[in-house]
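The next block holds one structure in the form of structure tokens; read it before the comments.
The values are calculated or read from the model by the stated rules, or taken from the named source; none is laboratory data. Model, not experiment: these values are computed from the prediction. All Cβ positions, even for glycine, are placed from backbone atoms using ideal geometry, and neighbour counts span all protein chains on display.
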Amino acid sequence: MAVLGRGLIDGLRVTAKTLGRRAVTEQYPDVQPELPPRSRGVIALMEENCTSCMLCARECPDWCIYIESHKETLPPAVEGGRERNRNVLDRFAIDFSLCMYCGICIEVCPFDALEWSPEFEYAELDIKDLLHEKDRLREWFWTVPPPVALDPAAEKPKEIALAQKAADKRITARKAAEIVALAEDSATEDPATEDPATEDTATDDTATEDTGGDG
Ligand code: SF4
Ligand code: SF4
């Protein structure tokens, strides 16, 4: 009896302690949860970016990425050039019943063809339906949030820094050329240096006039 009374008191104490706190219960599915934008919901595929390089499939610890592709020969870009080969993606599928959401495939993709989408409502009654083929993976891409803004204090990406340097160089060279052109123009237009002979003639005329007055 004493144990029962103790249990009741403990229970009431916990109730009293949490009574004033904000409820954390989510009313899902009536109310959608507010998930962080970078939540790992589902993997989306940008098919156009995929080169079928197989890096993601090779690195996946669960071997749940299936890629099939074939090579296509393209005619030379210029006459007399060489024919080119390119991979054409036939199948890209992820089995979400095996995936452990580690994100390795997204990290290793060199062409940003894979991204996380925060969508999570794709539960199925049949586990086989968790195998998403490329068309379905492509559709998830519309739900991928835009990339986060860069930290204003962060270093500029290498490519932007190089492009900025090249642009600065071009601007400096153009300014220098403009200064040289201006200097050349002003040298041509300077009246003092324009026709020294005319000045000399004018002096001569004055001298002649002076001489006439004396006579
Ligand atoms: S998140 Fe991890 S387990 Fe899932 S497909 Fe990518 S690499 Fe494989
Ligand atoms: S790593 Fe990227 S580009 Fe390569 S096969 Fe996977 S998704 Fe396609």
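Would it be correct to say that Leu89 is at pLDDT 95 or above, touching a Ser or Thr at 6+ places or on another chain (Cβ under 8 Å) and crowded, with 16+ Cβ neighbours inside 10 Å? Steps first, answer last, please.
On the way: at pLDDT 95 or above: yes; touching a Ser or Thr at 6+ places or on another chain (Cβ under 8 Å): yes; crowded, with 16+ Cβ neighbours inside 10 Å: yes.
Answer is yes for this residue.
Return the residue satisfying two criteria in turn: it lies in the range 19-47 and is free of Cβ contacts under 8 Å to residues at least 60 places away in the same chain and surrounded by 10 or more Cβ atoms within 10 Å (Cβ to Cβ), and of such residues it is farthest from Arg138 (Cα to Cα). So that I can check it myself, show each step before the final result.
Taking the range 19-47 as the starting set, the residues that turn out to be free of Cβ contacts under 8 Å to residues at least 60 places away in the same chain are 19-34.
Pick out the ones that are also surrounded by 10 or more Cβ atoms within 10 Å (Cβ to Cβ) and you get 26, 32-33.
Numbers: Glu26: 30, Gln32: 23, Pro33: 24 Å.
It comes out as Glu26.
Name the pairs: first residue in the range 81-109 and of a type in the set (Phe, Trp, Tyr), second residue more than 12 Å from ligand 2 (Cβ to nearest atom), Cβ to Cβ under 8 Å, at least 6 apart or on different chains?
From the range 81-109, the pairs are Phe92/Glu133; Phe96/Val42; Phe96/Cys64; Phe96/Tyr122; Phe96/Leu130; Phe96/Leu131; Phe96/His132; Tyr101/Arg40.
Being assigned to a loop (DSSP other than H, G, I, E, B) and either near ligand 2 (Cβ under 10 Å from one of its atoms) or among the polar types (S, T, N, Q) (or both) is the filter here; which residues of the range 90-116 pass it? Let's see the steps before the verdict.
Filtering the range 90-116 down to residues assigned to a loop (DSSP other than H, G, I, E, B) leaves 96-103, 109-113.
Ser97, Cys109, Pro110, Phe111, Asp112, Ala113 - these are the residues of the range 90-116 that are assigned to a loop (DSSP other than H, G, I, E, B) and either near ligand 2 (Cβ under 10 Å from one of its atoms) or among the polar types (S, T, N, Q) (or both).
Hey, does the range 67-80 have a residue that's under 30 Å from Trp140 (Cβ atoms) and surrounded by 15 or more Cβ atoms within 10 Å (Cβ to Cβ)?
Yes; the residues of the range 67-80 include at least one that is under 30 Å from Trp140 (Cβ atoms) and surrounded by 15 or more Cβ atoms within 10 Å (Cβ to Cβ).
Against the condition surrounded by 11 or more Cβ atoms within 10 Å (Cβ to Cβ) and over 10 Å from Ile43 (Cα atoms), how does Glu115 come out, does it pass? Steps first, answer last, please.
Values: surrounded by 11 or more Cβ atoms within 10 Å (Cβ to Cβ): yes; over 10 Å from Ile43 (Cα atoms): no.
Judged against the criteria, Glu115 is not a match.
Under the condition of being part of a strand (DSSP E or B) and acidic (Asp, Glu), which residue from the range 44-89 is nearest to ligand 2 (Cβ to nearest atom)? Give the steps one after another, and end with the answer.
Narrowing the range 44-89 to residues part of a strand (DSSP E or B): 44-45, 65-74, 84-89.
Filter once more, keeping what is acidic (Asp, Glu): 68, 72.
Details: Glu68: 11, Glu72: 16 Å.
Result: Glu68.
With respect to the numbered conditions (1) in contact with a His (Cβ under 6 Å, 6 or more places away or on another chain); (2) within 14 Å of ligand 1 (Cβ to nearest atom), which one is the sole condition not fulfilled by Val88?
(2)
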